[in-house]
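These notes concern the structure reproduced below.
Every number in this text was worked out from the coordinates using simple rules, so none of it is lab data. These numbers come from a predicted model, not from an experiment. Glycine also receives a Cβ, built like all others from the backbone with ideal geometry; neighbour counts cover every protein chain displayed.
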Ligand SMILES: [Zn+2]
């Protein structure tokens, strides 16, 4: 799990939005249902990827889906191209994937087009699920 540099805590509403001061420059969407799973946010310190990772709530089995909000900065040299993370869509589509190379591609496309980029997540390598 070296891809994420921070796990910012439990998250309940299934949609990582950042703190409202950052500009959303891209989204990672589920290739099956187009649900947004992570957002690229540009702030004063550069671009970061903020994602919501669904998890089962131990103390609340009948409640809403819970999860963790994770964060990693996206820079020229990190995360590494092949360094990635499994993503799961909270509508039940699992085994999805984002990696450093894809993150930098989204940032590059944003710089080129000047508008928000929608990136459909890839499929996780077989040994990562
Ligand atoms: Zn989905």
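One chain, two ends: residue 81 and residue 68. Fully extended at 0.36 nm per residue, the span grows by 2.3 nm beyond their Cα-Cα distance. Modelled this way, with points 7 Å down the Cα-to-C-beta line, the labels at residue 91 and residue 2 are 3.5 nm from one another. Put in order of Cβ neighbour count within 10 Å, fewest first, the listed residues 113, 50, 118 become 113, 118, 50. Among 72, 8, a tally of other beta-carbon atoms within 10 Å of each Cβ gives an order, fewest to most, of 8, 72.
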